[in-house]
Amino acid sequence: MLANQRTGRTRKGNPWLRTALVEAAQAAARVKHSYLAAQFRRLAARRGVKRALVAVAHSLLGIIYVLLTRQSTYADLGAAYFDQRDRHHTSQRLVARLERLGYRVNLELPAATG
């Protein structure tokens, strides 16, 4: 295991808090066009629904902590955050997917608007 990688196990904690966070994660995963819903969809596809919910609950806990300690407001990153984070990788992945379906794809950069 890498030095900066933790185990996948959840630590012992308050079972009522965990239940409340997972329930909140289920609600957050159903909100359209949100960062947490996008995170849930990405993780659920690879790891399964239950693990994805626990991961989203963990993200919620981190968000709540930051909001309370810094006394700030929540700014959602948006559903397209993961696609915008690495545009080149996203485009290459989608091109490969279309080519597996039998399409020939040629990407061109959009014309500069101005």
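The values are calculated or read from the model by the stated rules, or taken from the named source; none is laboratory data. As the structure is a prediction and not an experimental result, all values here were calculated from the model. When we count neighbours, we look across all protein chains shown, and the Cβ atoms used for this are built from the backbone with ideal geometry, even at glycine.
Picking from residues in the range 41-66 that are over 24 Å from LYS12 (Cβ atoms) and not aliphatic (A, V, I, L, M), the one that is surrounded by the fewest Cβ atoms within 10 Å (Cβ to Cβ) is ARG46.
The set of residues from the range 69-100 being in contact (Cβ under 8 Å) with a residue 12 or more places away in the chain and either hydroxyl-bearing (Ser, Thr, Tyr) or part of a loop (DSSP other than H, G, I, E, B) (or both) comprises ASP76, LEU77, GLY78, ALA79, ALA80, TYR81, SER91. From the set of residues in the range 3-26 that are surrounded by 12 or more Cβ atoms within 10 Å (Cβ to Cβ) and hydrophobic (A, V, I, L, M, F, W, C), which is nearest to VAL56 (Cα to Cα)? That would be ALA25. When THR90, THR73 are checked against the criterion of being loosely packed, with under 10 Cβ neighbours inside 10 Å, at pLDDT below 95, out of contact with any Gly (no Cβ under 6 Å at 6 or more places or on another chain) and among the β-branched types (Val, Ile, Thr), a single residue qualifies: THR73. For LEU107, the conditions (1) at pLDDT below 95; (2) in contact with a helix residue (DSSP H, G or I) (Cβ under 9 Å, 6 or more places away or on another chain); (3) exposed (fewer than 13 other Cβ atoms within 10 Å of the Cβ); (4) not in a loop (DSSP other than H, G, I, E, B) are fulfilled apart from (4). So is LYS50 assigned to a helix (DSSP H, G or I), farther than 12 Å from ALA79 by Cα and out of contact with any strand residue (DSSP E or B) (no Cβ under 9 Å at 6 or more places or on another chain) or not? Against the criterion (assigned to a helix (DSSP H, G or I), farther than 12 Å from ALA79 by Cα and out of contact with any strand residue (DSSP E or B) (no Cβ under 9 Å at 6 or more places or on another chain)), LYS50 qualifies.
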